[in-house]
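These notes are about the structure you will find just below.
The values are calculated or read from the model by the stated rules, or taken from the named source; none is laboratory data. Just so it is clear, the structure is predicted and the values come from calculations on it, not from any experiment. For neighbour counting, all protein chains shown are included, and Cβ atoms are generated from backbone atoms with ideal geometry for every residue, glycine included. Ligands, DNA and RNA are excluded from the accessible area calculation, which covers all protein heavy atoms including side chains. Shrake-Rupley method; radii C 1.70, N 1.55, O 1.52, S 1.80 Å.
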Amino acid sequence: MNSFPAAWLDLREPADVAARAPELVKWLSEWSGRYEHVTVVDLGAGTGSCLRAIAPHMGSRQSWRLIDRSGVLLDEAVKRLSKWAHQRSLSARVEQNVWRCIGEISNYSVVFEEQDLATGPVDSGSVVDLVTVSAVLDLVSKEWCTNLARWCSEKGAALYTCLNYDGQFHFAPSHPDDSLVRSVVNTHQRTDKGMGPALGSSAIEVLAEALSAAKYQFVIAPSPWLLGSDSSALQTALVRDWSDLVFRQGGMYAARVSRWRNFRMAAIKARQSHLSVGHVDLWARPKV
Ligand SMILES: C[S@@+](CC[C@H](N)C(=O)[O-])C[C@H]1O[C@@H](n2cnc3c(N)ncnc32)[C@H](O)[C@@H]1O
């Protein structure tokens, strides 16, 4: 079963676009200026939202490999990329399993690889200039982060990882049981999602250590979702998912979380709910 339905990734994409730390995208953009052609690998690519967010900020000639264990999401990626290209008056087509998109100055090619990244990236021997990992790191283990840093270093590749949950979310208005829900969510974050015992909110710290050992220089910046009354669909989905997690703990908290959910849903409906969800982004490259 796919635990990241395309509908969920669609729902979060506008919030992700607004949240990515602009200063890191600027670093990425400046770095890409030195390449005539940038080769990118996106790990856990989903429907390709990271490509849509950052490709316009990089040099015009780009080759991407979108890797995900879900073939369903990669099929959806082709549809969303074609729509995205159309909105930019770029001409897109699929030729021998390569999605190509050409405009006056843009020239992108994308291949889609259905692959289980259970222990980290698997080397295919090809050139990689940039590795991207968007909204995935909190699912992975310490070993996975170490393998990622080692692989980037072997390839001499830069790394951009964004939207890594930092363990914090805050609602306004607040409710006495916000901390109960947050603690259950953060405990769940650390369960194994198929890539080893998950690091949850400590992933970035662990990755930073592995990158230092690999002699990388890096910058970390906050990229919170700041969800106001116009983001009621995303807030509703989060409140539903988080309260379901607490319900799954058994009867112990059922009455409290039921009251919490009713309070939260009423505030969203009244357009009075504001929610910030903490994330951090990281940009890294080999020390020169
Ligand atoms: C939260 S989504 C992020 C998707 C996309 N990067 C984005 O920013 O929208 C996490 C992604 O990781 C993928 N994933 C989870 N476990 C994986 C694994 N073991 N191997 C490859 N991909 C995996 C999921 O299929 C999903 O697409």
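Among the residues in segment 218-234, are any touching a Leu at 6+ places or on another chain (Cβ under 9 Å) and closer than 16 Å to residue 148 by Cα? Yes, the conditions are met somewhere in segment 218-234. If we scan segment 227-247, do we find a residue that is in contact with a helix residue (DSSP H, G or I) (Cβ under 8 Å, 6 or more places away or on another chain), part of a loop (DSSP other than H, G, I, E, B) and not aliphatic (A, V, I, L, M)? No, every residue in segment 227-247 fails to be in contact with a helix residue (DSSP H, G or I) (Cβ under 8 Å, 6 or more places away or on another chain), part of a loop (DSSP other than H, G, I, E, B) and not aliphatic (A, V, I, L, M). Screening segment 267-288 for residues that are modelled with pLDDT of 95 or more and open to solvent by 60 Å² or more (accessible area, probe 1.4 Å) and picking the one that is nearest to residue 19 (Cα to Cα) gives 274. Could you please tell me which pairs satisfy a Cβ distance under 6 Å, a separation of 6+ or placement on different chains, a first residue in segment 178-196 that is more than 21 Å from residue 239 (Cβ to Cβ) and in contact (Cβ under 8 Å) with a residue 60 or more places away in the chain, and a second residue that is of a type in the set (Val, Ile, Thr) and open to solvent by less than 60 Å² (accessible area, probe 1.4 Å)? Sorted first by the residue in segment 178-196, then by its partner, the pairs are 195/140. If only residues of segment 76-91 that are over 23 Å from residue 43 (Cβ atoms) and in contact with a strand residue (DSSP E or B) (Cβ under 6 Å, 6 or more places away or on another chain) are counted, the one that is surrounded by the fewest Cβ atoms within 10 Å (Cβ to Cβ) is 91. Looking only at residues that are within 12 Å of the ligand (Cβ to nearest atom) and either outside any strand (DSSP E or B) or not charged (D, E, K, R) (or both) in segment 62-74, which one is most open to solvent (accessible area, probe 1.4 Å)? Of everything passing the filter in segment 62-74, 69 is most open to solvent (accessible area, probe 1.4 Å). For residue 94, the requirement of being at pLDDT 95 or above, of a type in the set (Val, Ile, Thr), open to solvent by 20 Å² or more (accessible area, probe 1.4 Å) and more than 18 Å from residue 285 (Cβ to Cβ) is not met.
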